[in-house]
Amino acid sequence: MNRQEIVKIRRIHSKMDLTQYTIKAGHSRAKKPTNSLPHLSSSIQLSLIMPMIRLSTNIKLIDYSLTDPNLQEWAKNFSKFSATTLEYPEEVISVLVTQNETLTFKGTFDPAFLLTVSSPTSNPENNLKWSAAYFDHMKQTLGIADDRGFISFESPGKPYIGYKSTTLEELFKQK
């Protein structure tokens with residue numbers, strides 16, 4: 001990786017201003033249709049892989065959702081919300097939504113959630129903003145109060161993320 005690429009990565013990760021880059025068609029920040037980030041080196045593209053969002057809730061979204069009629073629509077909208085909140089293009093975000101009726105919170109089965117946000121840009125300042133946004137989203141879309149869930153923020157390193165049958169650390173070594 002050369003100095004220019006390192007500067008681009010720092011800029012991407014510090015400001016997360018990706019509007020100057022061409023991203024996949026159909027996403028809100030796309031300037032023109034394309035299938036990748038062609039003018040960014042593959043090492044910069046790999047640095048954008050993430051975040052991973054995992055939500056477990058004890059409610060059936062079809063019964064509780066205030067905004068979407070089914071789980072798949074809710075999950076797609078949650079992906080868009082996460083992209084906006086975390087300031088990433090949606091094409092690099094992975095979302096898993098699990099309905100688990102055995103999830104307890106405060107010893108009851110009242111509506112609750114557990115959310116894990118894994119992102120390389122997780123830090124105390126971002127986590128405060130993201131926490132407020134995600135708790136508000138749970139209240140607005142599912143009616144779950146902010147005292148009925150936990151959010152865990154993670155910032156895994158390259159050796160702990162698998163991609164293309166290896167880890168990001170190994171992929172960066174190959175570049």
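Go through the range 132-157 and count every residue that is within 18 Å of Met50 (Cβ to Cβ) and in a helix (DSSP H, G or I). Show your work before the answer.
Taking the range 132-157 first, the residues within 18 Å of Met50 (Cβ to Cβ) are 133-134, 151-157.
Pick out the ones that are also in a helix (DSSP H, G or I) and you get 133-134.
Going through the range 132-157 one residue at a time, the tally reaches 2.
Could you grab the pairs with beta carbons closer than 9 Å, sequence gap of 6+ or different chains, first residue in the range 89-105 and under 18 Å from Val117 (Cα atoms), second one modelled with pLDDT of 90 or more and aromatic (Phe, Trp, Tyr)?
Between residues of the range 89-105 that are under 18 Å from Val117 (Cα atoms) and residues that are modelled with pLDDT of 90 or more and aromatic (Phe, Trp, Tyr), the close pairs are Val95/Phe78; Val97/Phe78.
Tally up the residues in the range 119-143 that are buried (at least 17 other Cβ atoms within 10 Å of the Cβ) and at pLDDT 95 or above, please. Don't jump to the end; show me each part of the working.
Here is the first cut: in the range 119-143, the residues buried (at least 17 other Cβ atoms within 10 Å of the Cβ) are 119-122, 126-127, 130, 134-135, 137-138, 141-142.
With at pLDDT 95 or above added as a condition, the list becomes 126-127, 130, 134-135, 137-138.
Adding up the residues that qualify gives 7.
Does Thr102 satisfy being loosely packed, with under 13 Cβ neighbours inside 10 Å and either modelled with pLDDT of 90 or more or more than 25 Å from Asn58 (Cβ to Cβ) (or both)?
Details: loosely packed, with under 13 Cβ neighbours inside 10 Å: yes; either modelled with pLDDT of 90 or more or more than 25 Å from Asn58 (Cβ to Cβ) (or both): yes.
In short, yes.
Quick check: anything in the range 107-115 more than 11 Å from Ile59 (Cα to Cα) and among the aliphatic types (A, V, I, L, M)?
Just the residues of the range 107-115 that are more than 11 Å from Ile59 (Cα to Cα), to begin with: 107-108, 114-115.
Going one step further and asking which of them are among the aliphatic types (A, V, I, L, M), we end up with 114-115.
There is at least one residue in the range 107-115 that is more than 11 Å from Ile59 (Cα to Cα) and among the aliphatic types (A, V, I, L, M).
The values are calculated or read from the model by the stated rules, or taken from the named source; none is laboratory data. Remember, it's a predicted structure, so these values are computed and weren't measured experimentally. A quick note on method: Cβ atoms are made from the backbone with ideal geometry, for glycine too, and the neighbour counts reach across all protein chains shown.
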